[in-house]
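Please read the structure below before turning to the comments.
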Amino acid sequence: MAPRIKHIALSCPDPAKTAAFYKEVFGMEELRRQPKDTGDEGVWLTDGYIYFAVLKHGSHEAPVLDGGSTATPGVHHIGFYVDDIDEATTAIEAADATECDVSTKANRKYKGPEGVMIDLRVKGWDEQIRNKTQLYKLTPAS
């Protein structure tokens with residue numbers, strides 16, 4: 001399997017308010033929020049195909065990658081499923097991406113072009129999407 005986009009994370013000042021917009025306008029379903037009562041740190045949504053993380057700008061989940069506070073809210077990172085994490089990390093490091101401090105062995109995170117974080121993992125959120133809502137299967141158009 002070629003790498004595929006599995007999630008996109010948006011960094012914003014008010015995750016609960018922003019998530020409410022996407023739920024209302026696009027009918028996205030909520031998977032979870034952190035903390036559970038307010039969603040002040042983040043709200044995770046899905047359309048049934050991928051998940052969409054709406055994260056508090058500058059939080060642990062969406063840190064400012066340059067270490068400063070000048071980065072603006074917007075797309076924070078894009079998550080990719082890969083078949084072989086070692087092969088993927090070798091390729092991304094060869095392309096001069098820098099591993100982020102919040103990277104873990106299972107969830108490798110790199111600062112890529114334009115400062116957008118690239119999140120690599122072998123396994124991820126399909127299980128949570130499946131538990132909360134219908135998981136759609138993508139098929140090629142005829």
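The values are calculated or read from the model by the stated rules, or taken from the named source; none is laboratory data. Only a predicted model underlies this, so the values are computations on that prediction, with no experimental measurement involved. Because the Cβ atoms are built from the backbone with ideal geometry, glycine has one as well, and the counts that use them run over all protein chains shown.
Just to be sure, is THR89 touching a Lys or Arg at 6+ places or on another chain (Cβ under 6 Å) and at pLDDT 85 or above?
Yes.
Scan the stretch 80-109 for residues that are in contact (Cβ under 8 Å) with a residue 40 or more places away in the chain and within 17 Å of LYS6 (Cβ to Cβ) and jot them down. So that I can check it myself, show each step before the final result.
Residues of the stretch 80-109 that are in contact (Cβ under 8 Å) with a residue 40 or more places away in the chain, as a first pass: 80-83, 88, 102.
Residues satisfying the conditions are PHE80, TYR81, VAL82, ASP83, ALA88.
What tally of residues in the stretch 33-47 results from selecting those that are surrounded by 15 or more Cβ atoms within 10 Å (Cβ to Cβ) and not hydroxyl-bearing (Ser, Thr, Tyr)?
Residues in the stretch 33-47 being surrounded by 15 or more Cβ atoms within 10 Å (Cβ to Cβ) and not hydroxyl-bearing (Ser, Thr, Tyr): 9 in total.
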> For the stretch 34-51, how many residues meet the condition of being of a type in the set (Ser, Thr, Tyr) and touching a strand residue (DSSP E or B) at 6+ places or on another chain (Cβ under 7 Å)?
Replying inline: 2
> For the stretch 119-136, does any single residue satisfy the condition of being at pLDDT 70 or above, more than 23 Å from LYS17 (Cα to Cα) and part of a loop (DSSP other than H, G, I, E, B)?
Replying inline: yes
> Can you find even one residue in the stretch 20-31 that is surrounded by 15 or more Cβ atoms within 10 Å (Cβ to Cβ), free of Cβ contacts under 8 Å to residues at least 40 places away in the same chain and among the hydrophobic types (A, V, I, L, M, F, W, C)?
Replying inline: yes
> Considering only the stretch 48-75, how many residues are surrounded by fewer than 18 Cβ atoms within 10 Å (Cβ to Cβ), in contact with a helix residue (DSSP H, G or I) (Cβ under 8 Å, 6 or more places away or on another chain) and at pLDDT below 80?
Replying inline: 2
